[in-house]
Amino acid sequence: MEKFKILEAMEKIKYEKPSISKINAGMPSKFGLPVKQKVISEIDGIKVSKLIEEYGSPLFVISEKTIREVFADAKRAFENRYPKVQFAWSYKTNYLDAVCSIYHDEGSWAEVVSGFEFEKALSNGVSGSQILFNGPDKSEADLIMAIENNACIHIDHFDELYLLIETSRKLQKKARVAIRVNLDAGVYPIWDRFGFNYENGDAWNAINRIMLAENLDLIGLHTHIGTYIIAQTAYAVAASKLANLYMAIHRKFDYWLKYIDLGGGFASKNTLKGAYMPGNETCPSFDDYAEAISNALISSEIPHENLPVLFLETGRALIDDAGYLLTTVIANKRLNSGRRSMVIDAGVNLLFTSFWYNLGVYPTHELGHAEESTIYGPLCMNIDVVRDAIVFPQVKTGEQLVIERVGAYNITQSMQFITYRPNVVLIDMEGKTHIIRKKESLETFKQAEENPKRK
């Protein structure tokens, strides 16, 4: 009887079909040289297991401490090199109120690209005069809201310019405006679908039309050369070209603009798919970007006493490091090829950036032998692949994993598809946790849906 009790107490070992996998101890592979296994067991001093136990899995976690530290680093880099700097938080990057309010508390204005985001910024207490309104889709109602709130309207195309002239005339109010300029900064493809082109003269044409318009007050120039730009020299080229326009305006109209806006696009430390080197080794620092931009502006023809305010709309580089997605292993299986794969409870519906990043996925404690694996999400879609190929240790069902650097775009671009979107939790400066967006439920959708009665 004693023997049977011992057997009952023993955990039953799950059977797994034997397989052969090559081990190259200490030798480089296509993933590079072997490195010590990274483990993320806690975030800001709170155990991952405790966070999942309290708030469920999957779970987005945002670190306020990281947000403020990274912002302070960016601010220091630019303010040490240029006399007048103003950040504007990019709402599309992460527009949760709790996140936006931290950036506003740090002194950031708001940069928005839609009427929805404009309304959100106003609801967060941002003065209309401290909202930069970008984007190609501004309706007449949007423009009226922007004019009434004295916002800075960045005009994207001639049709918007003509609508703005008409709208401001109807309101009998002046609109504060800038133009978005697209230009060749040496990075390709050129983002020429937004704004007025510098090289073909469209930008100069738009400027002249604005200066002739009675109810438009031109106060700035704006450009956004692309996304995940790792060549800081491109920003120097862009700043130089805007400085040339700035001086051309002064020479013709005897008028000084108030600001030059270099937009965003700074890279985060995430690794792009197809990159030979990890992002944390190739990503320029804020000092690198600041050096290139400030050199271009202070070395231009602009007199130092007339230097414009430098606006920056960086989003990704400010918040990516502050975001984590906690997830749980649902299943393990061997593919026909023999490769190990696993299914986790977080898919591409929550991780839009997984389509172009090799996101960092890590266990919460040290595990054994690692081998090339594929990580799938839970969706009934063949494209639901979080990592195509990653050297990862063997994990059991129920193991908890952490996906890092997901603070930018994943929450705003997440989809309610097949599964509910999860809780989002903020860890504040005192180490306390707060739900800043509740997990969805059936009621979430029933509130917005209508089912017509039928006979």
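The values are calculated or read from the model by the stated rules, or taken from the named source; none is laboratory data. Values in this document were obtained by computation on a predicted structure and should not be read as measured data. A quick note on method: Cβ atoms are made from the backbone with ideal geometry, for glycine too, and the neighbour counts reach across all protein chains shown.
Among the conditions (1) under 23 Å from D137 (Cα atoms); (2) in contact with a Ser or Thr (Cβ under 7 Å, 6 or more places away or on another chain), T227 misses just one, which is (2).
With respect to S337, is the statement that it is over 18 Å from the mean Cα position of the chain (by Cα) and at pLDDT below 95 true? Answer is yes for this residue. Filtering M247, M277 for residues that are in contact with an Asp or Glu (Cβ under 6 Å, 6 or more places away or on another chain), hydrophobic (A, V, I, L, M, F, W, C) and surrounded by fewer than 20 Cβ atoms within 10 Å (Cβ to Cβ) leaves a single hit, M247.
How many of the residues making up region 219-228 are at pLDDT below 95 and buried (at least 21 other Cβ atoms within 10 Å of the Cβ)? Full working, then the answer.
Taking region 219-228 first, the residues at pLDDT below 95 are 226-228.
If we keep only those that are buried (at least 21 other Cβ atoms within 10 Å of the Cβ) too, we end up with none.
Of the residues in region 219-228, 0 are at pLDDT below 95 and buried (at least 21 other Cβ atoms within 10 Å of the Cβ).
Put simply, of E301, E281, E305, E291 the only residue that is closer than 30 Å to R209 by Cβ, outside any loop (DSSP other than H, G, I, E, B) and in the same structural domain as K92 (by TED's automatic domain parsing) is E305. Starting from residues that are outside any loop (DSSP other than H, G, I, E, B) and within 13 Å of the chain's Cα centre (by Cα), keep the ones in region 72-107 and report whichever is farthest from P303 (Cα to Cα). For region 72-107, the residue satisfying everything is V99. Of the residues examined, K120 is not one that is free of Cβ contacts under 8 Å to residues at least 24 places away in the same chain and in contact with a helix residue (DSSP H, G or I) (Cβ under 9 Å, 6 or more places away or on another chain). Kindly provide the set of residues from region 418-455 that are farther than 23 Å from D97 by Cα and either surrounded by 14 or more Cβ atoms within 10 Å (Cβ to Cβ) or modelled with pLDDT of 95 or more (or both), ordered by number. Once the filter is applied, which keeps residues that are farther than 23 Å from D97 by Cα and either surrounded by 14 or more Cβ atoms within 10 Å (Cβ to Cβ) or modelled with pLDDT of 95 or more (or both), region 418-455 yields only T419. Quick one: would you say I67 is in contact (Cβ under 8 Å) with a residue 60 or more places away in the chain and within 19 Å of the chain's Cα centre (by Cα)? Considered against the rule, which asks whether it is in contact (Cβ under 8 Å) with a residue 60 or more places away in the chain and within 19 Å of the chain's Cα centre (by Cα), I67 comes out as yes. Taking residues in region 401-430 that are within 26 Å of P278 (Cβ to Cβ), and partners anywhere that are surrounded by fewer than 16 Cβ atoms within 10 Å (Cβ to Cβ) and among the hydrophobic types (A, V, I, L, M, F, W, C), the pairs with Cβ atoms closer than 9 Å and at least 6 places apart or on different chains are V402/V39.
On the stretch given as region 142-178, residues that are acidic (D, E) and touching a strand residue (DSSP E or B) at 6+ places or on another chain (Cβ under 7 Å) total 1. Here D320 fulfils each of the conditions (1) at pLDDT 95 or above; (2) under 24 Å from V425 (Cβ atoms); (3) out of contact with any Gly (no Cβ under 7 Å at 6 or more places or on another chain) apart from (3). Taken as a whole, the condition of being surrounded by 21 or more Cβ atoms within 10 Å (Cβ to Cβ), within 22 Å of the chain's Cα centre (by Cα) and under 30 Å from H154 (Cβ atoms) applies to A408.
Considered as a group, the residues in region 169-188 that are in contact with a Phe, Trp or Tyr (Cβ under 8 Å, 6 or more places away or on another chain) and buried (at least 19 other Cβ atoms within 10 Å of the Cβ) include one that is nearest to L216 (Cα to Cα), and that residue is A178.
Candidates in region 8-65 are the residues that are among the aromatic types (F, W, Y) and surrounded by 10 or more Cβ atoms within 10 Å (Cβ to Cβ); of these, the one that is modelled with the lowest pLDDT is F31. Do we have R193 as crowded, with 16+ Cβ neighbours inside 10 Å and basic (K, R) here? No: the conditions fail for R193.
Any idea which residue in region 83-131 is farthest from D320 (Cα to Cα), counting only those that are surrounded by fewer than 24 Cβ atoms within 10 Å (Cβ to Cβ) and in contact with a His (Cβ under 8 Å, 6 or more places away or on another chain)? Ranking the candidates gives G125 first.
Can you find even one residue in region 335-352 that is basic (K, R) and without any contact (Cβ under 8 Å) to a residue 12 or more places away in the chain? The answer is no, given that none of the residues of region 335-352 is basic (K, R) and without any contact (Cβ under 8 Å) to a residue 12 or more places away in the chain. Which pairs have Cβ atoms under 9 Å, sit 6 or more apart or on different chains, and link a residue in region 212-230 that is free of Cβ contacts under 8 Å to residues at least 24 places away in the same chain to one that is among the aromatic types (F, W, Y) and surrounded by fewer than 16 Cβ atoms within 10 Å (Cβ to Cβ)? From residues that are free of Cβ contacts under 8 Å to residues at least 24 places away in the same chain, there are no pairs.
Evaluate region 134-142: report whether one residue or more is of a type in the set (A, V, I, L, M, F, W, C), modelled with pLDDT of 95 or more and either surrounded by 18 or more Cβ atoms within 10 Å (Cβ to Cβ) or not in a helix (DSSP H, G or I) (or both).
Filtering region 134-142 down to residues of a type in the set (A, V, I, L, M, F, W, C) leaves 141.
Imposing the further condition that a residue be modelled with pLDDT of 95 or more reduces the set to 141.
Right, trim to either surrounded by 18 or more Cβ atoms within 10 Å (Cβ to Cβ) or not in a helix (DSSP H, G or I) (or both) and you get none.
Looking through region 134-142, none of the residues is of a type in the set (A, V, I, L, M, F, W, C), modelled with pLDDT of 95 or more and either surrounded by 18 or more Cβ atoms within 10 Å (Cβ to Cβ) or not in a helix (DSSP H, G or I) (or both).
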